[in-house]
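Chemist: Below is a structure I'd like to ask you about.
The values are calculated or read from the model by the stated rules, or taken from the named source; none is laboratory data. Just so it is clear, the model here is predicted, and its values are computed rather than measured. Neighbour counts are summed over all protein chains in view; Cβ atoms, including those assigned to glycine, are modelled from backbone coordinates with ideal geometry. Surface accessibility is based on the protein's heavy atoms, side chains included, excluding ligands, DNA and RNA. Shrake-Rupley method; radii C 1.70, N 1.55, O 1.52, S 1.80 Å.
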Amino acid sequence: RHEDIYKYAAGGQWYTNDSTTNKMIAQLNADTRTRLGTSFIGISAEWEEMESTSLGDHERNQRSVVFNQRIPVGPRIEVGAGISAVDYSDWGWEYWPGLDMNVELSDRWSWFASFGESFRIPTYTEMYYNTPMNIGNPELKPEEAQTWESGIRGAWRNISMESALFRRESDNLIEWAR
């Protein structure tokens, strides 16, 4: 439970938002190691309710399942693949794959690469918050993105280091309009 009273002045007037958000999450995860590598599965359910003097009263829920498999390919290479699936009460089912690889270059250094897709639902604030300085949009669509990353990580004496290149391409990117 989160309770919040937010007051601010704009244009010579005072504005107040009094809100209460209730959220419950249930989650169950399991993993196992076999000769095929490490398998992970998780399931969860989430319920969220908000009552707000500025944003209105809203409720949404989601349920999800995730699976990931990591497989050693030789003594120095490991690959992974996974998928997440979430059923949003407002948007239905969405699915995201992910792939990654790690190559041990030495006892202290490794090269890694990954690809993944993601989905972010708009917050209640982004959808419903209207003030003289902000304009919410209840018609917002969720953000969708693809990400790529590659780099090296390692250690030298007692110092850990990592350097990576990262790229993210988004659709329906949510940004505030003023």
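Chemist: What is the percent carbon and sulfur in the accessible area of the chain, measuring with a 1.4 Å probe over the protein chains and ignoring ligands? Walk me through the numbers before you get to the answer.
Modeler: Numbers: 6440 of 12220 Å².
The value for the chain is 53 percent carbon and sulfur by accessible area.
Chemist: Test of the criteria: in the stretch 16-72, which trypsin sites (Lys or Arg not before Pro) are in a DSSP loop and have at most 14 other Cβ atoms within 10 angstrom of their Cβ? Mind dumping the intermediate values first?
Modeler: On the way: sites: K23, R33, R35, R60, R63, R70; in loops: R35.
Here the trypsin sites (Lys or Arg not before Pro) that fit, given the DSSP loop and packing criteria, are R35.
Chemist: Right, here's the next one. Got a sec? Charge dipole of the stretch 96-142, +1 on Cβ for Lys and Arg, -1 for Asp and Glu; which of Y129, G116, S106 is way out at the positive end?
Modeler: Y129
Chemist: Of S39, S19, S163, which is the most mobile in a GNM of the chain whose springs link Cα atoms less than 10 angstrom apart?
Modeler: Residue with maximal mean-square fluctuation among S39, S19, S163: S163.
Chemist: Between R60 and W156, what is the spin-label point distance in nm, taking each point 7 Å from the Cα along the Cα→C-beta axis?
Modeler: 4.6
Chemist: GluC sites (Glu not before Pro) within the stretch 136-178: which are DSSP loop residues with at most 14 other Cβ atoms inside 10 Å?
Modeler: When the GluC sites (Glu not before Pro) of the stretch 136-178 are filtered for loop state and at most 14 Cβ neighbours within 10 Å, E139, E175 remain.
Chemist: Choose one answer from D18, D100, D87: the residue with the largest mean-square fluctuation in a GNM of the chain with alpha-carbon springs under 10 Å.
Modeler: D18
Chemist: Given the DSSP H assignment, sum -39500 (n - 2.57) over each helix run of at least 4 residues in the chain and divide by its residue total; what's the result at 222 nm in deg cm²/dmol, nearest 500?
Modeler: On the way: 1 runs with 5 residues, N = 178.
So the helix-based figure for the chain works out to -500 deg cm²/dmol.
Chemist: Explain nothing, just the number: relative contact order of the chain, from Cα pairs under 8 Å at least 6 residues apart, as a whole percent. Mind showing how you got there, number by number?
Modeler: Working: 404 pairs, mean separation 22.4, N = 178.
Contact order relative to length: 13 percent.
Chemist: Per residue Cα convex hull volume for the chain, in cubic angstrom? Don't skip to the end; give the middle numbers.
Modeler: Working: hull volume 31.3 nm³, N = 178.
For the chain, the hull spanned by Cα atoms encloses 176 Å³ per residue.
Chemist: Got a sec? Charge dipole of the chain, +1 on Cβ for Lys and Arg, -1 for Asp and Glu; which of G154, V79, Q27 is way out at the positive end?
Modeler: My answer, from the dipole projection, is G154.
Chemist: Pick from S89, S114, S160: which residue has the top mean-square fluctuation in a GNM of the chain where Cα pairs under 10 Å get a spring?
Modeler: Looking only at S89, S114, S160, the largest GNM fluctuation is found for S160.
Chemist: Mind checking the per residue accessible area of the stretch 1-127 for me, 1.4 Å probe, whole number of Å²?
Modeler: On the way: 8200 Å² over 127 residues.
The answer is 65 Å² per residue.
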